[in-house]
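Heads up, the thing below is written out as C-alpha cells.
The values are calculated or read from the model by the stated rules, or taken from the named source; none is laboratory data. The shown structure was predicted, so the numbers you read here are calculated from the model rather than taken from an experiment. So basically every Cβ, Gly included, is an ideal-geometry build from the backbone, and we count neighbours across all protein chains shown.
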Amino acid sequence: MDNMQTGLIEKVKAAMLCIQRLSWEQGVAAQAIYELEGVTDDVIRLCEAAVARSAPDGRLSVMEKNESVNDPAAIGEVLIAAAGHTGRKDFREAADKLYHYIKYTAPKTEDGILYHFDADWSRHQVWVDAYYMVPPFLCRYGDVEEAMKQIKGFRKYLYNERMGLLSHIWDDNKKDFGRKDFWGVGNGWALAGITRVIGLLDEKHKEERDYLINYLKDLLHGCLTFQRDDGLFFDVLDDPNSFIETNMAQMLAYTIYRGVKAGYLDGRYVIFADKAREAAHKKVDQYGFVRDVCGMPMFDKPGIAAEGQAFFLLMEAARKQLRPDENGE
C-alpha cells in the first residue's frame, strides 16, 4: 500500500474518531480499526470507553435514551478480541454480561427473535440492522446456534424472496412492515454481518456456513441488480426518487472482497466491488469525511456518519487482504 493510500486511510480514520458516536457507531468504528490494524491501542481505547458506559443490564456504549437492544452488541466481537489480547478481566466480564442480556433478557418475538428496542410494546419491531450488530458477537462468543437462529429469524420477517432483498422494519404488533422499503444501507448491514459470521465459522460448522454462503449470494445478487453505472446505489435500492447514497457501495465492496478472498465468491464479482470502491474514493473530502453517506442524525438524507467512515476503512482492509501486493489505487 503506497504512502498516498495510507495517508487517505489515516485521514478517514481521524475523521471517524472525531465524530460523536452512539452505541452501534462505537462498535463499527472499533471493528473497522480491528480489521484494518488488529488489536491496537485505539481499539482498546474504544472498548474501554464502551465498557465505561455499560448499562446495568449489560448493554455497552449506552448514552442518554438509547433504547436499542441490538446496537450495543456491535462492539462485542472486538471486545472479546481485546479481552484475549490484554487479559483484562473487566473486558471479559463485560462480554459475558452482554451475552447474558442478548441471550436471556432482551425482548424478543414469540419465536425468540430480537426486537430492536427495549421500550414499551408499541415498539416491538425487528430491524434489518441487527444482522450486523448481534450474530457476529454471538458467533465469536461461541454460541453459533443462537447466531444462526437470529439470522434465520431476521430472514423470516424481512426477506423478500422475489426481489432478493430485505425490508427495513417488521412491526410485530401490527403483524406487518413498519417500513417495507429495501433500504440500501440496511441491506448492506445484512451483507456485512453475514460476511463476518461466515468468516468466524470453523470446519465443524460446514452446514451453517453453506447455508449462509447461499443466502449471501442471493442477497448480493438482489443488491447488484440496482448498482448504478457510477458504482453507487439509491438510498432505497429500487426507488430512483430517493437520494444517491455512498455507504451501501462501501458495504457491498467489503462483502465482495472478503468473499473472494475466502474463496466462496467468484473473482468476477470484483469488478462490481472495484466500481463501488472507486465511487467511494471520489466522495472523500479534504478533511477525510466520506460524503453523501446516509447521514446522521436521522439517516434520512445524504451527509456524514461514523458508519460511513468505518465502512471505508473496512472496505480498504478487505481489499488489502485480497490484494496485499498492490498499491491502493
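Figures for the structure shown
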quantity	calculated
Condition broken by Asn187, with the remaining ones in (1) over 24 Å from Leu313 (Cβ atoms); (2) of a type outside the set (Val, Ile, Thr); (3) in contact (Cβ under 8 Å) with a residue 60 or more places away in the chain satisfied	(1)
From the options Tyr104, Tyr131, residue that is surrounded by 20 or more Cβ atoms within 10 Å (Cβ to Cβ) and either of a type in the set (Lys, Arg) or in a helix (DSSP H, G or I) (or both)	Tyr131
Condition check for Lys204: in contact with a Phe, Trp or Tyr (Cβ under 9 Å, 6 or more places away or on another chain), without any contact (Cβ under 8 Å) to a residue 60 or more places away in the chain and farther than 15 Å from Asp181 by Cα	no
Filtered residues of segment 278-297 (kept if in a helix (DSSP H, G or I) and more than 23 Å from Trp24 (Cβ to Cβ))	Glu278, Ala279, His281
Qualifying positions in segment 219-229 - more than 22 Å from Phe299 (Cα to Cα) and not in a helix (DSSP H, G or I)	Thr225, Asp229
Identity of the residue in segment 107-128, acidic (Asp, Glu) and either farther than 23 Å from Leu165 by Cβ or in a helix (DSSP H, G or I) (or both), that ends up nearest to the chain's Cα centre (by Cα)	Asp118
Those residues of segment 192-210 which are more than 16 Å from the chain's Cα centre (by Cα) and surrounded by 16 or more Cβ atoms within 10 Å (Cβ to Cβ), in sequence order	Leu201, His205, Glu208, Arg209
Selection count where residues are hydrophobic (A, V, I, L, M, F, W, C), surrounded by fewer than 17 Cβ atoms within 10 Å (Cβ to Cβ) and in a helix (DSSP H, G or I), scope segment 298-327	0
Helices (runs of 4 or more DSSP H) fully within segment 1-91 counting 1 or more residues that are closer than 19 Å to Gln250 by Cβ, among the aliphatic types (A, V, I, L, M) and out of contact with any helix residue (DSSP H, G or I) (no Cβ under 7 Å at 6 or more places or on another chain)	3-18
Counted residues, segment 242-288 - those being buried (at least 24 other Cβ atoms within 10 Å of the Cβ) and within 18 Å of Leu219 (Cα to Cα)	15
Any pair with Cβ under 8 angstrom, 6 or more apart, that starts in segment 41-53 at a residue that is closer than 13 Å to Ala74 by Cβ and ends at one that is among the aromatic types (Phe, Trp, Tyr) and modelled with pLDDT of 95 or more	Cys47/Phe91
Hey, Ser61 among the hydroxyl-bearing types (Ser, Thr, Tyr) and at positive phi or not	yes
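Yes/no matrix, rows are residues, columns are (1) touching a strand residue (DSSP E or B) at 6+ places or on another chain (Cβ under 6 Å); (2) under 26 Å from Ala305 (Cα atoms); (3) assigned to a helix (DSSP H, G or I); (4) of a type in the set (Gly, Ala, Ser):
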residue: Ala190; (1), (2), (3), (4): yes, yes, yes, yes
residue: Ile194; (1), (2), (3), (4): no, yes, yes, no
residue: His205; (1), (2), (3), (4): no, no, yes, no
residue: Asn214; (1), (2), (3), (4): no, no, yes, no
